[in-house]
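The values are calculated or read from the model by the stated rules, or taken from the named source; none is laboratory data. Quick caveat, the model's predicted, so the values are computed rather than measured. Reconstructed Cβ throughout: ideal geometry from the backbone, glycine too, with neighbour counts over all protein chains shown. Ligands, DNA and RNA are excluded from the accessible area calculation, which covers all protein heavy atoms including side chains. Shrake-Rupley method; radii C 1.70, N 1.55, O 1.52, S 1.80 Å.
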Amino acid sequence: MIVTNVNISQKSQEILIKAAAEKRISVEELASEILNEAIHRGAFWNCHYW
């Protein structure tokens, strides 16, 4: 596991908390899902366009 600190706006924090509550998962789990999705989409994009 990699631990990092990320600074996000108050509004982004509120959205993240609400979204995690709706999915009934922790904010950390949701943030991990978001980062993984961004990484996979970025890797997919790079493989097909470079």
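For C47, the conditions (1) modelled with pLDDT of 80 or more; (2) part of a helix (DSSP H, G or I); (3) open to solvent by 100 Å² or more (accessible area, probe 1.4 Å) all hold with the exception of (1). Which residues, taken from segment 32-44, are within 16 Å of T4 (Cα to Cα) and at pLDDT below 80? Of everything in segment 32-44, nothing turns out to be within 16 Å of T4 (Cα to Cα) and at pLDDT below 80. Is there any pair with a first residue in segment 1-27 that is on the phi < 0 side of the Ramachandran plot and surrounded by 11 or more Cβ atoms within 10 Å (Cβ to Cβ) and a second that is part of a loop (DSSP other than H, G, I, E, B) and not charged (D, E, K, R) whose Cβ atoms are under 7 Å apart and which are 6 or more apart or on different chains, and what are they? Within 7 Å, the pairs are A20/S26. For segment 1-22, a tally of residues being of a type in the set (A, V, I, L, M, F, W, C) and part of a helix (DSSP H, G or I) returns 6.
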